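Undergrad: The structure under discussion is supplied below as structure tokens; questions concerning it will follow.
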Amino acid sequence: MQYFFFNAKSGFSVDMTCEGCSNEVSQVLNKVGEVEFDTDLFNKKVCINSEHSMDLLLETVGKTGKAVPFFDPK
């Protein structure tokens, strides 16, 4: 579950099909630092709690090469 600016949450649907996809998302988010996140492989969602902008988070998760539309995690 992900959120944007100042400890806000941002949510993304990520086209994850296996544990490897989930691990790849985790790796790119861990490189950004200062993020807390949960990946839900079954529902293909990633939720992030971070002070980083949503644009940065979207760009970061997009580095996996997976389709990453935004969703409202609330």
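Undergrad: Filtering region 1-21 down to residues that are surrounded by fewer than 17 Cβ atoms within 10 Å (Cβ to Cβ) and modelled with pLDDT of 85 or more, which residue is nearest to the chain's Cα centre (by Cα)?
TA: Ser13
Undergrad: Which ones in region 31-40 are of a type outside the set (S, T, N, Q), surrounded by 10 or more Cβ atoms within 10 Å (Cβ to Cβ) and not in a helix (DSSP H, G or I)?
TA: Across region 31-40, the qualifying residues are Val35, Glu36, Phe37, Asp38, Asp40.
Undergrad: So, one more: Just one of (1) in a helix (DSSP H, G or I); (2) at pLDDT below 90; (3) β-branched (Val, Ile, Thr) trips up Val28, so point out which.
TA: Condition not satisfied by Val28: (2).
Undergrad: Could you tell me which residue of region 31-74 is modelled with the highest pLDDT, considering only residues that are polar (S, T, N, Q) and touching an Asp or Glu at 6+ places or on another chain (Cβ under 8 Å)?
TA: Thr64
The values are calculated or read from the model by the stated rules, or taken from the named source; none is laboratory data. Since this is a predicted model, take the numbers as computed values, not measurements. Glycine gets a Cβ as well: all are built from the backbone with ideal geometry, and neighbour counts include every protein chain shown.
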